[in-house]
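Report on the structure given below.
The values are calculated or read from the model by the stated rules, or taken from the named source; none is laboratory data. All values derive from a computational prediction rather than experimental measurement. Ideal geometry is used to build each Cβ from the backbone, glycine not excepted, and the neighbour counts take in all protein chains shown.
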Amino acid sequence: MDSDLLVIGYGNTLRRDDGVGPRVAGAVEGLRLPGVRTVACAQLTPELADPLSQAGAALFVDAAVGHSGRVRMRRIDPSDSSQILAHTPDPRTLLALARDAFGRAPEAWLLTVPAEDLGFGEQLSSAAKRGLRKALREVRALHCRLGNRGPACPRSASGRFARTGRRSTRARRSRPACRAPGP
């Protein structure tokens with residue numbers, strides 16, 4: 001496996017809050033968490049199925065309208081079919097494509113960050129900025145739950161990680177596969 005956790009942040013960075021997914025992926029990259037690889041893209045594409053199949057776990061990060069200002073993480077499973085019927089696949093279809101084309105789909109979650117302004121521009125609203133900070137805490141917590149160690153995972157006196165109770169080995173850090181276009 002290439003990484004313990006693959007974080008895929010997607011959205012349009014030129015439509016204000018819709019770009020929060022790639023922004024979260026970029027911020028996670030800056031944390032330099034061991035075993036974490038990030039991808040920041042405008043949309044999900046079938047080409048992501050290969051790196052997904054090689055990841056131990058995956059986290060998809062996207063903007064969401066109408067979630068009452070709450071960052072929400074939920075476990076997702078591959079859809080029954082890997083057939084892409086829309087312009088772009090959703091995370092569940094992409095997981096199914098990884099399973100069907102490469103023989104493996106990782107355990108996965110969808111992290112949604114509140115979006116209130118989808119107008120033209122590159123700045124995030126204050127709600128999306130707050131959501132980005134909360135999303136980073138969720139990524140760190142997931143990283144720890146998956147058994148990784150590092151400064152993001154505080155140890156208890158027993159030498160176990162405070163949030164997980166599990167021991168871990170250190171994994172290598174990978175470089176991102178793609179980045180959203182810069183300003």
- Message: Six or more apart or on different chains, Cβ atoms under 7 Å: show the pairs whose first residue is in the stretch 116-140 and under 16 Å from residue 42 (Cα atoms) and whose second is among the aliphatic types (A, V, I, L, M).
- Response: 120/14; 122/14; 124/20; 124/132
- Query: surrounded by fewer than 21 Cβ atoms within 10 Å (Cβ to Cβ), outside any helix (DSSP H, G or I), of a type in the set (D, E, K, R) and at pLDDT 90 or above - does that describe any residue in the stretch 123-132?
  - Reply: no
- Has the stretch 90-98 got at least one residue that is within 13 Å of the chain's Cα centre (by Cα), assigned to a loop (DSSP other than H, G, I, E, B) and surrounded by fewer than 24 Cβ atoms within 10 Å (Cβ to Cβ)? no
- Restricting the stretch 60-76 to residues that are out of contact with any helix residue (DSSP H, G or I) (no Cβ under 8 Å at 6 or more places or on another chain) and in contact (Cβ under 8 Å) with a residue 40 or more places away in the chain, the one surrounded by the fewest Cβ atoms within 10 Å (Cβ to Cβ) turns out to be 68
- Note on the structure: Residue hits (the stretch 45-82; assigned to a loop (DSSP other than H, G, I, E, B) and within 13 Å of residue 93 (Cα to Cα)) are 45, 77, 78, 79, 80, 81, 82
